[in-house]
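The values are calculated or read from the model by the stated rules, or taken from the named source; none is laboratory data. Here the structure is a predicted model, which is why all the values come from computation and not from measurement. Don't worry about glycine lacking a Cβ; one is built from the backbone with ideal geometry, like all the others, and counts go over all protein chains shown.
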Amino acid sequence: MKTHLYKAALLAALGVAGTTMAHAQAGPALGGGVLGLGFNDAAGPAAAQNDYVINLGSFINFTTTYSASWSISQSAFDSSFISQDTLWANNVAVGVVGGLQGPGGAIFITGSQPTITSASTVNNALSALGGVNTGNYSSSSGIPTDPWSSAVAASPTAPGNAANSVAALIDNPMSNLSNGSATLTLWDASITGTSRNPVLGSWTEVGTFSINANDGADTITFRGINAVPEPATYSLSALGGLLLLALRYRSSRKVA
Amino acid sequence: MKMNKFTSALVGLGVISLAGVASAAPITVYITGSTAARANFYTACTTAGDIFATPSATVPAGNAAGVISPSPNNANSANTITFEGTLKSGPLAGQDVIINCSWTGSEAGISAVAGTTLKQTLFQAQNPNAAPGGTQYSLPGQPPLYLTPASGYATTGTIQSIEGAGSQVNPDFTMADTSQKVSQTPSPALTQYGIVGIVSFTPMKGYESSPDATYGRVTNVPQPALAAALIAGESLNAYYLTGNSADSVDGIGIIGRNLGSGTKVNTMLNAALLPVSQLVSQTSLNGTYPAGTPGTLTFSGVYGPAASVSDNPVGNDGYDSGSGVQKSLNCDGSGKGIVYLGYLGISDARHAFLNDNTGAGGTGSAANSGTAVYLQFNGVYESDTAIETGNYTWWGQENLYGQAGQVAPQTQIGDGILTGLTTQINTTVNPGGNVTTTAQNAIIPVPSMQVYRSQDYGNPLQGSWPTPYQFQH
């Protein structure tokens, strides 16, 4: 939240408006039709075997022209990983997956381009994902809790314990942080057809997530591959241009 | 709630004695929750000596004693109904009490008494009323609507409107098919009165006027197949249930309840053995989302012919009452390449079996409707005996909860309801047979159980149920 406030204050100071910044949401379960971002730390000590899951909002938002930012709860991340694992900055893994089951829905997942072609398989994976609890909790929570490490993936190299985990059925969306940061490519495929015979479309690249979990940063940003620069970027560019012009004007006056 | 608060304040101040309360004007309490328990609650309120020593005799023509709301809200299957009588048990014995009921489902009931609202986001793929990015709807019955005394208990309003309160007023009590711990509203901790009985559920398959061979072979629902069908929806081949490789053309469609339902929670936790919040892929036959209630799956009222019946997938949504599931199962589902399965409480299942569709609690078939068929679960038909012996495991614990931090006189009335309901349930007699041969009890007495659960869900253990009949959380 710190970054959110800092950015908002910066934008306000610059007199720039119109930049959207989504808030992370808390809730008992991700539910259907949303994307979830999950952290876990299978490589760390037992005390660090926790999940921290953030609801990123409706899958409809995630187009190639979308850009948004979310905050990582510093207290949740610290209590789950930083205070439990001295090597957290490279042990913690992160991934994004989500979507909506059935015709009219779609699957979104980070990592390398998936190859799965079965819509039924995708539906099974999304079913497990929707039941995943948000917030931070133990990676080994059982029924009735549904942890990310079970329903999605235990680590970048291990599927979840659930038979229909995302990693087992589709692909593993998780990557380890590198010095507390990660960059993840987001892919999607739409679901058409009928509920009896659903059809999965081709996989396409949507955009990139940039995650910085270091204290003081605590941000998640998404930028679609065709996203236009934010108004803030335009404004900063314009401001920079004006400064250059002013410097050139002063320089030219000195010369004259 | 004005009378409750007023009476409570007077008692608290010692201005009036409890004996004085017993002769005072009626105290109204509001109860919500489990639709599976409503038939038992009806019996407990209309049988002298259960909840009421004397159910009110001043009732509309044709009503059982104790039922003061007129038809159609006067049957044991009514979702809104009002009872009155003199309380049988406890320090308020003899007090005239009105119990206003709005049965909306266990999860919705726990949420309402806790003062929260369950919401769900629906998308256009299931609900055409939803925005492209999804629309968040409050669940039906959030807050619950009750029959109003001003209308002669004929039309409904919120407790706030009935009591003329300045802000939302929560119901006093809820019946729940599961414990609060495994509910979607685990806090604030409600006042726990205890387990009144064992509530059971059964799978059924929907009516088809022109059944194919696969339909005939679906007679049993194994637990793994139930889990697979809930998750995969209609893309699951029927051979999962029949074990016959020829049944690869027909799929399985699950007609079920929404996330406010304790029936659904029990189906997930105790039958399918799935996490309670895992998403399911359910469907409906002639279920729609009317413009006036855009987030509520509602049966259209048309049962057939088959060409007039639409298969409308609803994803993780479902009906807010067992009667909606019943009506969809009595639709003619022929010719769609899908065998439709539903899960219901025993009372609703009986109505589906008898094809009762001519009105609230009706007793006759509607045009083109037909009989739903009981199915086995793990090779066993539902019966009192099978549940009591651990042979059939699709059941839960029926709990009574009150508001968090509840005080007298509500606690005294809550104790009276618990005692009366337990008395009623404990008089039920095992009818023998099973659901296909004899009407079984929707709620079974705890003392008759030869197995018990040590926690809120899962497979039962051999032995008598430990007392008190409640889980320690």
Residue check for B:LEU375: hydrophobic (A, V, I, L, M, F, W, C), touching a residue at least 12 places away in the same chain (Cβ under 8 Å), buried (at least 18 other Cβ atoms within 10 Å of the Cβ) and not assigned by TED's automatic domain parsing to the domain that holds B:TYR207: no
Scope segment B:386-412; condition under 22 Å from the mean Cα position of the chain (by Cα) and of a type in the set (Val, Ile, Thr); matching residues: B:ILE387, B:THR393
Entirely in segment A:89-154, the strands (runs of 3 or more DSSP E) that have 1 or more residues that are within 14 Å of another protein chain (Cβ to nearest Cβ) and under 16 Å from A:GLY33 (Cα atoms): A:93-100, A:106-110
Residues of segment B:387-397 classified as in a helix (DSSP H, G or I) and surrounded by fewer than 21 Cβ atoms within 10 Å (Cβ to Cβ), total: 1
Count of segment A:121-133 residues which are surrounded by 24 or more Cβ atoms within 10 Å (Cβ to Cβ) and in contact with a strand residue (DSSP E or B) (Cβ under 9 Å, 6 or more places away or on another chain): 7
Matching residues in segment A:191-214 - criterion: being of a type in the set (Ser, Thr, Tyr) and crowded, with 22+ Cβ neighbours inside 10 Å: A:SER195
Counted residues, segment B:427-460 - those being of a type outside the set (Val, Ile, Thr), farther than 16 Å from B:SER347 by Cβ and surrounded by fewer than 16 Cβ atoms within 10 Å (Cβ to Cβ): 8
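Just one of B:LEU118, B:LEU122, B:LEU190 is within 13 Å of B:GLY260 (Cα to Cα) and aliphatic (A, V, I, L, M); which is it?
B:LEU118
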Filter pass, A:ILE60 being within 19 Å of the chain's Cα centre (by Cα), within 14 Å of another protein chain (Cβ to nearest Cβ) and surrounded by fewer than 19 Cβ atoms within 10 Å (Cβ to Cβ): yes
Residue within segment B:214-230 that is within 21 Å of B:TYR30 (Cα to Cα), in a helix (DSSP H, G or I) and not β-branched (Val, Ile, Thr) present: no
Helices (runs of 4 or more DSSP H) fully within segment B:1-119 counting 3 or more residues that are modelled with pLDDT under 90 and either over 14 Å from B:ILE417 (Cβ atoms) or not assigned by TED's automatic domain parsing to the domain that holds B:ASP317 (or both): B:2-13, B:18-22
Boolean, B:ASP311 is facing another protein chain (nearest Cβ under 9 Å), charged (D, E, K, R), under 24 Å from A:GLY104 (Cα atoms) and touching a residue at least 40 places away in the same chain (Cβ under 8 Å): yes
Residues that are within 14 Å of chain A (Cβ to nearest Cβ) and touching a residue at least 24 places away in the same chain (Cβ under 8 Å), drawn from segment B:236-246: B:ALA238
Pairs where the first residue, in segment B:441-469, is closer than 20 Å to B:PHE377 by Cβ and the second is of a type in the set (Phe, Trp, Tyr), C-beta under 8 Å, 6+ apart: B:ILE444/B:TRP395; B:MET449/B:TRP465; B:TYR452/B:TRP465; B:ASP456/B:PHE471; B:PRO460/B:TYR452; B:LEU461/B:TYR452
Residues being free of Cβ contacts under 8 Å to residues at least 60 places away in the same chain and surrounded by 21 or more Cβ atoms within 10 Å (Cβ to Cβ) - total across segment A:169-190: 1
Selection count where residues are in contact with a strand residue (DSSP E or B) (Cβ under 6 Å, 6 or more places away or on another chain), over 15 Å from B:TYR207 (Cβ atoms) and at pLDDT 95 or above, scope segment B:320-359: 1
Residues of segment B:275-294 that turn out to be in contact (Cβ under 8 Å) with a residue 12 or more places away in the chain and within 14 Å of chain A (Cβ to nearest Cβ), as a count: 11
Members of segment A:38-88 that are assigned to a loop (DSSP other than H, G, I, E, B) and over 25 Å from A:ILE225 (Cα atoms): A:ASP41, A:ALA42, A:ALA43, A:GLY44, A:PRO45, A:GLN49, A:SER73, A:SER83, A:GLN84, A:ASP85, A:THR86, A:LEU87
